[in-house]
Structure formats: structure tokens, C-alpha cells
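The block underneath contains the structure these notes are about, expressed in C-alpha cells.
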Amino acid sequence: MIRKAFILAGGKGERLRPLTLKIPKVLVTVKEKPVLQWNIELAKKYGAKEIVLAVGYKHEQIEEFFGDGSRLGVKIIYNIEDRFLGTGGALKFAEKYLSDEEKFISMNGDEVKNIDYAKLNRIHERNHATGTVALVRVDDMRDWGSVKLFGERISGFIEKSHELRGSGLINSGAYLLSPEIFDFIPQGKFSVIERETFPKLAEIGRLFGCENQGQWLPTDNIERLEKARREWKGL
């Protein structure tokens, strides 16, 4: 059973300005709900009752909107960063809330997505994984980079580049992680889990993945937000 989830919700959303001059980007709405709420509901759908939110920019507004989480049937813990720590640094900063779990959900808070965490869990358990990544197929990998998948094992990554042509699998920003992940993240410093931690895990055969068939719609710039507002079908 997956009891806890960690959601990144601290970004400034500079590519969403002017919308994010007054509100944090995770409170921008898609289909009449804040993007963050869709992610909380996704985690709850797969059993998470305790949600750790990594917050920073305008966090007071997030706390005011969601409160203790009881309105959504979960318990919310706000882990407030006084400086930007990156995806890995933010996770390490929240270690005390997650290290007692067998495994936990981890995800970005700025996409609307329908990730099959039950499928992710089966792969995670079968391979005794440290991390299992939900992958999505896109038509153009140039803005995302690519993931090399050998069976269920992730063998490496290709950085985003204008020379990276065509369709392929990319990292969706949604994971299932075991607590040993914290052994691979440095303490008290800026760290990007996708660039620093995951390649190490791939190298030693501890990182796995699978293609997700559900919707995945990022909302990190105006064009993508408008696309999500048109196309998102909900959970």
C-alpha cells in the first residue's frame, strides 16, 4: 500500500507570467481546479493519505487554499523552503517525513496527468527498484530529452537538444521511490534528481520505468496551459 506522496509545489512559474505575479503556479486552474489539486487527488486515488508539499514561492496562498487537507480527505504537510533547492534538494529536505515508508509517490505539481501508479508499483516490486519512473511518449523530444529503456530497466538518459529529432519516451516527472533514494541525494544543497541521482541509479541497475498510457499535460508555460485547459479529461 502506498501511504504517502511528495509533490513539488514551490516553483515561481516565471514562464506563466503575468498569471504567476500574484499567485503560485500550482494554483493556476485547469477545468475549474488548481493544478495542484489534480495531483493531490491522483496521489489519493492510489492510496496516499499523507501528502508532503514542497513549497516556497507564495506558499501562504497554497496553505490558505488547501489548509490541513481534510477537505480533500488527506493530511497535508507543508515543507517550506527558504531558498530554491531543486527537485532533488527539495526531496532530501523532506526526508524526515518519508524515510519511514516502504515506498512513496513523488511527482511534479505543475502537470495534469493520469498516471497508473498500480502499474508502476508492480514494476517497482518485481524489480526491487530504488526508483520507478512513469514515461510518456511525445512527438518531439527536443524540449524534453529522452530516456533509454531496456525492457523495464532504464539504462540511461539523453539530454534535451535541438538535434534530438522525432518521437520517443521522456520522463513525466512522476515516480515511485523507495527510501534508499535519500542515500543518493546530497544533504543541504541544490540538487536536480533527474540530472544527478537518476543517472547514478541507472548505472547500477536500480532505476526502472514504464510507458504511461494516460493523459500527461504540462502547464509550465502559457501555450501548454491553454492546451491542458482544452484537452484535460480528468481522473
Percentage relative contact order, the range 130-235, counting C-alpha pairs under 8 Å, at least six apart: 35 percent
For q = 0.09, 0.10 Å⁻¹, Debye-computed log10 I/I(0) when each Cα of the chain counts as one equal scatterer: -0.34, -0.42
Selection from ALA134, TYR97, TRP38 lying farthest towards where the dipole of the chain points positive, charges on Cβ: TRP38
Relative contact order [Cα under 8 Å, 6+ residues apart], the chain, whole percent: 24 percent
Proximal charge balance of PHE157 [Cβ under 12 Å; K/R count +1, D/E count -1]: 0
Order of VAL55, VAL74 - criterion: other Cβ atoms within 10 Å of each residue's Cβ, fewest first: VAL74, VAL55
Nitroxide proxy distance, nm - points 7 Å out along Cα→Cβ at SER99 and LYS189: 1.9 nm
Mean Cβ neighbour count within 10 Å, used as a protection proxy, ranking 63-69, 9-15 highest first: 9-15, 63-69
Charged-residue dipole, Cβ positions (Lys, Arg, Asp, Glu), the chain about Cα centre, Debye nearest 20: 400 debye
Sorted by Cβ density within 10 Å, fewest first, the residues GLU203, GLU41: GLU203, GLU41
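Every number here is computed from the coordinates shown, using simple stated rules; none is lab data. Remember, it's a predicted structure, so these values are computed and weren't measured experimentally. All Cβ positions, glycine included, derive from the backbone under ideal geometry; neighbour counts span all protein chains shown.
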